[in-house]
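Down below is the structure, laid out as structure tokens.
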Amino acid sequence: QVQLVESGGGLVQAGGSLRLSCAASGSIFSINDMGWYRQAPGKQRELVAVTISGGSSTNYADSVKGRFTISRDNVKNTVYLQMNSLKPEDTAVYYCKAVVVVHLAWLPQNYWGQGIQVTVSS
């Protein structure tokens, strides 16, 4: 019913920048929270950044504060993650997550993208 498609990942040198995009499509009435998580090899998936309640506020992991910026276009149902001053420890698969209201009478549901690789070389 709802698809999340990520783009913008790749390989970059330490200190460089990347911009991730995640577009939601399908049967969408509204989107509550929308954000990014990441999972490095051998580690659990962790929150990177999230826009809350339609984008009225944001929350960041301490490890990315001051380097990453999350933004959102509610018309396009798209969330972005601008990543600056990248470090090798930022290397991970990045996943987009959206809390979507498909129908006004239904509870919000979590949807995930397929994941996109970000690799930062030293």
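The values are calculated or read from the model by the stated rules, or taken from the named source; none is laboratory data. Just so you know, these numbers come straight off a predicted model, no measurement behind them. Please note: Cβ atoms are built from the backbone with ideal geometry, for glycine as well, and neighbour counts cover all protein chains shown. Accessible surface is based on the protein model in full, side chains and every heavy atom, while ligands, DNA and RNA are left aside. Shrake-Rupley method; radii C 1.70, N 1.55, O 1.52, S 1.80 Å.
State the antiparallel share, in %, of DSSP beta bridges confined to the chain, rounding to the nearest 5. Don't jump to the answer; show the numbers that get you there.
On the way: 42 of 46 bridges.
Expressed as a percentage, antiparallel bridges in the chain total about 90.
In this rough spin-label picture, where each label sits 7 Å from Cα along the Cβ direction, the VAL75-GLN1 distance is 2.7 nm. Over what distance in Å are the Cα centres of region 77-122 and region 2-65 separated? Taking the Cα centre of each part, region 77-122 and region 2-65 sit 3 Å apart. The residues of the chain expose, per residue, 52 Å² of accessible area to a 1.4 Å probe.
Mean separation of Cα pairs under 8 Å and 6 or more residues apart, divided by the residue count, gives the chain a relative contact order of 35 percent. Exposure check, 1.4 Å probe, all protein chains in place: SER56 carries approximately 90 Å² of accessible surface.
Looking at region 1-99, which chymotrypsin sites (Phe, Trp or Tyr not before Pro) are DSSP coil and have at most 13 other C-beta atoms within 10 Å of their C-beta?
On the way: sites: PHE29, TRP36, TYR37, TYR60, PHE68, TYR80, TYR94, TYR95; in loops: PHE29.
Sites meeting the loop and neighbour criteria: PHE29.
How much length would be gained if the chain were fully extended between SER53 and PHE29, taking 0.36 nm per residue of separation minus their Cα-Cα distance, in nm to one decimal? List each step's numbers first, then the result.
Details: separation 24, 0.36 × 24 = 8.64 nm, distance 1.39 nm.
Full extension from SER53 to PHE29 adds 7.2 nm.
The share of accessible area on the chain that comes from carbon and sulfur is 50 percent, using a 1.4 angstrom probe.
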